[in-house]
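Reviewing the structure listed below.
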Amino acid sequence: MRDLFAASLIAADPTSFTARAVRLRLPADHRNARPIWIIALGKAAFTMARAAVHELEERNALIAGGLIVGAHELDSPHPALRVDTGDHPLPGERSFAAAQALAQLCEAIPGGDRVFVLLSGGASSLVAAPVDGVSSSELIALCDTLLGSGLDIGRVNAIRKRFLRWGAGRLAAALAPSRIELIVLSDVIDNNLEHIASGPCVPDATTAMDVRLLLDDSGLTDRVPPSLLRYLDEVMRGERLETPKSDSPAFLFSGVAAVQGNGGVLDAGALRARVLGFEPVVIVNEPLIGEAALAGERVAAAAMALPRGGVAFWGGETTVTMSPGTAAGGRCQEMMLAAAVQLGDAGRSASGITLLGAGTDGRDGPTDAAGAIVDANTVARMAEAGVDPVTALRRHDSYEALDRAGALLKTGLTGTNVGDVVIAVRM
């Protein structure tokens, strides 16, 4: 099981993808080429920046400067690149400082120079800062509300990016007329560039009216700071600027984006399963979305339909709707806890089944676990440790319950981020 996940993580390594994308975007002759700048933002920022630096140095390209903002402190891969660490999953003081460093860099880049923008999931929080008219504390409150709202990533980002200094195409506007080369490691299922890292370099298709209606339809209007609603009203009245749209001149200077997502990860895991002799090997086309607990039940049911010797793979990103006073876990952990309860209730029908659910970034929610590995005996081990799995699931206390059962999967930060992977094996 761990071997299959490890094979998936190898395929998720952004090094070769980034190097190839950089290589394809370089002119054959560098003698008269403009200097190159690097902006790398997200959980995979350091890995992507390191690959880009290596490729550029191999071709004697001039790296003038840049900024890397990731989730943990590392040494810069090039003396001209500044490294900052942001806060995640909620923005904090380090995020605000990183956002200011990005502003200073944008002002320093001469128009016409080439900028490689390397994006990966997590950048929305890591380099977060509020737009004018919204305070830092209000932005944090908004992000906290959205994380526990149960909304899918598309709707979360439609709301969140509206209030982010660098979201919704604003980075592209700040960099224009510099030439932007966008290279993206996608953590969303449809690889929609508007949803990845809050779409800093692509047009925003939503209007302030759309966001206002989305808050109303989602029942969040009374749960967000009033200043955010005033901000939207001011945009609708023309007192503040709308976000950059597809007809904005800012996007005239952007090349075609290179994007790598979740699909290759599942393919790699499936290939490894075939090498190990599993049969049949199934990649489920329907992504895992929606409430994590319900997704866990679906996965458990599908696993019980597998013949012995079979393995199935899913990709996706589920959600967890939190309520006041509930504990902190991660979506993969909650999914696996729900699946474990289902397997435990199934008795002999679940014999031989093992499930793994984990985030490819190595961090599931606000915890140090990537996810969990469960089977039909997991709930029995919880009971022996004095944990009621059903109560833990209701309280979203998946981390503690799975930890007491010895079911947590801890990989450490992986340097990549292409969504979540779920694997079911039946022996």
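Read-outs: derived from the displayed coordinates by stated rules, not from any lab. Note that the structure is a prediction, hence the values are computed from the model and not measured. Note that we place each Cβ from the backbone using ideal geometry, even for glycine, and neighbour counts take in every protein chain shown.
Structure values in brief
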{"item": "Rounded FRET efficiency, nearest 0.05, which uses the C-beta distance separating residue 34 from residue 294 and R0 of 56 Å", "result": "0.60"}
{"item": "For region 263-426: rounded, prolate or oblate by the Cα gyration tensor [a/c cutoff 1.5]", "result": "oblate"}
{"item": "For the chain, calculated [θ]222 nm from helices alone, where every DSSP H run of n ≥ 4 adds -39500 (n - 2.57)", "result": "-11500 deg cm²/dmol"}
{"item": "Cα-based helix-to-principal-axis angle, 226-236 vs the chain, degrees rounded to 10", "result": "50 degrees"}
{"item": "Peptide ranges 409-416, 212-219, 351-358 listed from the most packed, as the mean C-beta count within 10 angstrom indicates", "result": "351-358, 409-416, 212-219"}
{"item": "For region 202-211, 3J(HN,Hα) per residue [Karplus equation, 6.51 cos²θ - 1.76 cosθ + 1.60, θ = phi - 60°, Hz, x = Gly/Pro]", "result": "10, x, 9, 7, 8, 9, 4, 5, 4, 5"}
{"item": "Whole-angstrom gap from region 1-65 to region 232-270, using each part's C-alpha centre", "result": "21 Å"}
{"item": "Protection proxy ranking of 271-278, 190-197 - average other beta-carbon atoms within 10 Å, highest first", "result": "190-197, 271-278"}
{"item": "Prolate/oblate/rounded call for the chain, Cα gyration tensor, a/c under 1.5 rounded", "result": "oblate"}
{"item": "Local electrostatic count, residue 187, Cβ distance below 10 Å [Lys/Arg +1, Asp/Glu -1]", "result": "-2"}
{"item": "Charge context of residue 287, other residues only, Cβ under 10 angstrom, K/R +1, D/E -1", "result": "-4"}
{"item": "Neighbourhood net charge (13 Å Cβ-Cβ; Lys/Arg +1, Asp/Glu -1) for residue 379", "result": "-2"}
{"item": "Rounded to 10°, Cα long-axis angle of helix 45-58 versus longest principal axis of the chain", "result": "50 degrees"}
{"item": "Under 28 Å from residue 410, Cα to Cα: lysines that are on another chain or at least 8 residues apart", "result": "43"}
{"item": "In degrees, nearest ten, helix 2-12 long axis to first principal axis of the chain (Cα)", "result": "20 degrees"}
{"item": "Pairwise label distance in nanometres, residue 256 with residue 54, each label 7 Å out on the Cα-Cβ vector", "result": "2.6 nm"}
{"item": "FRET efficiency, residue 427 to residue 72 (Cβ-Cβ, R0 41 Å, nearest 0.05)", "result": "0.65"}
{"item": "Hits among aspartates and glutamates - C-alpha to C-alpha of residue 245 under 13 Å, sequence gap 8 or more where chains match", "result": "194, 204"}
{"item": "Region 38-131: relative contact order in percent, alpha carbon pairs under 8 Å with at least 6 residues between", "result": "38 percent"}
{"item": "Antiparallel DSSP beta bridges within the chain, as percent of all bridges there, nearest 5", "result": "40 percent"}
{"item": "Amide H within-cut-off set for residue 67, under 5 Å, with H built and near neighbours excluded", "result": "38, 39, 40, 82"}
